[in-house]
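Contents: one structure, followed by commentary.
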Amino acid sequence: MKNTLIILFSLMINLLFGQKPISPFTPTCPSYNIIPLRTYTDIPEDQCYYMKDTDNELPDYVGIWSGAWNNKTIYITFKKINTYNTFRKYNKDILIGKFKVVDSNGSILFDNTMISDDQAKIWGGKICKR
């Protein structure tokens, strides 16, 4: 009986104080200081800044784009998301891209459209218009 109590006590302590899964740190802010996406100055860390697409430049690129090259068709799907920049410590609107490559016979050569958004191979938020 004594061993059973020790085992149950140990399990309860492990559940309460054991290791927790690692999750990305996203600070919760009661309100954000919104700044335009085209801000080229230093942004203070941990001050609840949100680099927002206030001029609605990113939606022009959202959607499925396609092109042909060497008898292959490439489909790139762009999506606008909000992400937390862990290095610079602020939120920001960015585009992510997932793509699929199909040959002239219709066979899929490469497809990463089903991966999660945080694993996308194409991402960014700076738009250079000339």
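The residue list Ile122, Tyr49, Leu109 was ranked by how far each Cα lies along the charge dipole of the stretch 47-126 toward its positive end, using unit charges on Cβ atoms, and Tyr49 comes out on top. Does the stretch 50-130 come out rounded, prolate or oblate by the C-alpha gyration tensor, with a ≥ b ≥ c the root eigenvalues, rounded set by a/c under 1.5 and, if not, prolate when a/b is larger than b/c and oblate if not? Taking the square roots of the gyration eigenvalues as a ≥ b ≥ c, the stretch 50-130 is prolate. Cross-link partners for Lys121 among the aspartates and glutamates, with Cα-Cα distance under 14 Å and sequence neighbours closer than 8 places in the same chain left out: Asp111. The amide H of Tyr49, built 1.01 Å from its N in the peptide plane, has Asn33, Asn91 as neighbours under 5 Å, considering only residues 5 or more places off or on other chains. Taking all protein chains together and a 1.4 Å probe, the residues Arg38, Arg88 rank Arg88, Arg38 from largest to smallest accessible area. Length available on full extension from Glu45 to Asn105: 0.36 nm per residue minus the Cα-Cα distance, which gives 16.5 nm. The slack between Asp118 and Asn33, meaning 0.36 nm per residue of separation minus the straight C-alpha distance, is 28.2 nm. Put a plus charge on the Cβ of each Lys and Arg, a minus charge on the Cβ of each Asp and Glu, and nothing anywhere else: the dipole of the stretch 26-130 about its Cα centre is then about 240 debye. Close amide H pairs (under 5 Å, H built 1.01 Å from N) link Cys29 with no residue at least 5 positions away or on another chain.
The values are calculated or read from the model by the stated rules, or taken from the named source; none is laboratory data. None of the values given here were measured: they were computed from a predicted structure. Here the Cβ is made from the backbone with ideal geometry for all residues, glycine too, and neighbour counts use every protein chain on show. The accessibility values were calculated without ligands, DNA or RNA, using every heavy atom of the protein model including side chains. Shrake-Rupley method; radii C 1.70, N 1.55, O 1.52, S 1.80 Å.
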